[in-house]
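One structure is given below, encoded as structure tokens.
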């Protein structure tokens with residue numbers, strides 16, 4: 001039964017995740033119609049999807065917001081969801097390359113704060129990559145339905161994000177961040193609940209650690225108030241354009257959802 005369930009999930013995940021939709025040419029850079037005051041680097045989910053980054057690009061352009069959006073492609077490739085989930089060596093390489101990219105981005109844009117937005121499995125790259133970043137290298141990091149293990153060490157990322165880390169979670173995300181992560185595993189981690197359902201377990205080895213979790217980590221649990229945006233608490237709710245516009249972009253603007 002366990003093997004059969006895993007095979008079923010392996011076959012169903014690409015379809016249910018929506019990664020069979022055509023992606024088209026990868027846009028390396030997109031700009032708002034007005035001069036940017038900050039940069040948002042976006043890491044999409046597993047399988048080479050570009051749903052989150054393109055939705056954010058559209059929201060930024062439509063609302064004429066002062067952000068420059070840079071999608072960062074970390075995936076094995078189109079449709080390769082399982083490989084993105086379980087290939088730890090690939091995740092570690094991508095994490096180090098991503099940190100190098102961020103350091104270069106800051107040098108080339110000294111006057112622009114750098115934010116990061118991740119969706120689902122994309123969170124694994126920034127959580128791992130934060131080990132290679134100096135303190136306060138980033139402004140704000142937003143994790144949408146992070147598919148990493150709840151036991152992941154968030155301290156390096158909390159240290160790197162001077163405006164903190166915002167985590168959008170939903171206990172209604174039962175299939176992808178409940179059943180699937182129990183059978184297939186969280187992104188680069190053990191089988192079990194993902195942080196996008198239950199949050200991160202604090203790792204407290206010093207008072208400094210306690211201060212990081214207390215001052216720089218914020219949770220935004222799913223509520224029925226989100227339903228009008230098309231976010232019903234399922235795994236794909238976080239990158240609905242209306243939800244991004246009403247609740248996520250506000251975090252980058254410095255306001256509350």
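The values are calculated or read from the model by the stated rules, or taken from the named source; none is laboratory data. Keep in mind that this is a model prediction, so the values were computed, not measured. Here the Cβ is made from the backbone with ideal geometry for all residues, glycine too, and neighbour counts use every protein chain on show.
For region 214-246, a residue qualifies if it is touching a helix residue (DSSP H, G or I) at 6+ places or on another chain (Cβ under 7 Å) and assigned to a helix (DSSP H, G or I), and the qualifying residues are 216, 226, 229, 237, 239, 241, 242, 243, 244, 245, 246.
All of (1) out of contact with any helix residue (DSSP H, G or I) (no Cβ under 9 Å at 6 or more places or on another chain); (2) under 30 Å from residue 229 (Cα atoms); (3) at pLDDT 95 or above hold for residue 35 with one exception: (3). Within region 44-67, residues that are touching a residue at least 12 places away in the same chain (Cβ under 8 Å) and on the phi > 0 side of the Ramachandran plot sit with their Cβ atoms under 8 Å from residues that are buried (at least 22 other Cβ atoms within 10 Å of the Cβ) and in a loop (DSSP other than H, G, I, E, B), at 6+ positions apart or across chains, in these pairs: 47/17; 47/19; 47/75; 48/19; 48/75. Put simply, of 192, 111 the only residue that is surrounded by fewer than 16 Cβ atoms within 10 Å (Cβ to Cβ), closer than 26 Å to residue 231 by Cα and more than 12 Å from the chain's Cα centre (by Cα) is 192. Scanning region 223-256 for residues that are more than 21 Å from residue 43 (Cα to Cα) and either crowded, with 21+ Cβ neighbours inside 10 Å or touching a strand residue (DSSP E or B) at 6+ places or on another chain (Cβ under 7 Å) (or both) gives a single hit, 226.
Okay, residues lined up against (1) in a helix (DSSP H, G or I); (2) over 30 Å from residue 135 (Cβ atoms); (3) modelled with pLDDT of 90 or more:
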| position | (1), (2), (3) |
| --- | --- |
| 9 | yes, yes, no |
| 19 | no, yes, no |
| 28 | no, no, no |
| 39 | no, no, yes |
| 92 | yes, no, yes |
| 95 | yes, no, yes |
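Within region 59-68, identify whether any single residue is more than 26 Å from residue 229 (Cβ to Cβ), modelled with pLDDT under 95 and either in a loop (DSSP other than H, G, I, E, B) or under 15 Å from the mean Cα position of the chain (by Cα) (or both), and answer yes or no. Within region 59-68, none of the residues are more than 26 Å from residue 229 (Cβ to Cβ), modelled with pLDDT under 95 and either in a loop (DSSP other than H, G, I, E, B) or under 15 Å from the mean Cα position of the chain (by Cα) (or both). Restricting 178, 196, 122 to those that are part of a helix (DSSP H, G or I), within 30 Å of residue 35 (Cβ to Cβ) and either touching a helix residue (DSSP H, G or I) at 6+ places or on another chain (Cβ under 7 Å) or at pLDDT 95 or above (or both) reduces the list to 122. What residue, among those in region 149-164 that are touching a helix residue (DSSP H, G or I) at 6+ places or on another chain (Cβ under 6 Å) and not in a helix (DSSP H, G or I), is surrounded by the fewest Cβ atoms within 10 Å (Cβ to Cβ)? Here the answer is 164.
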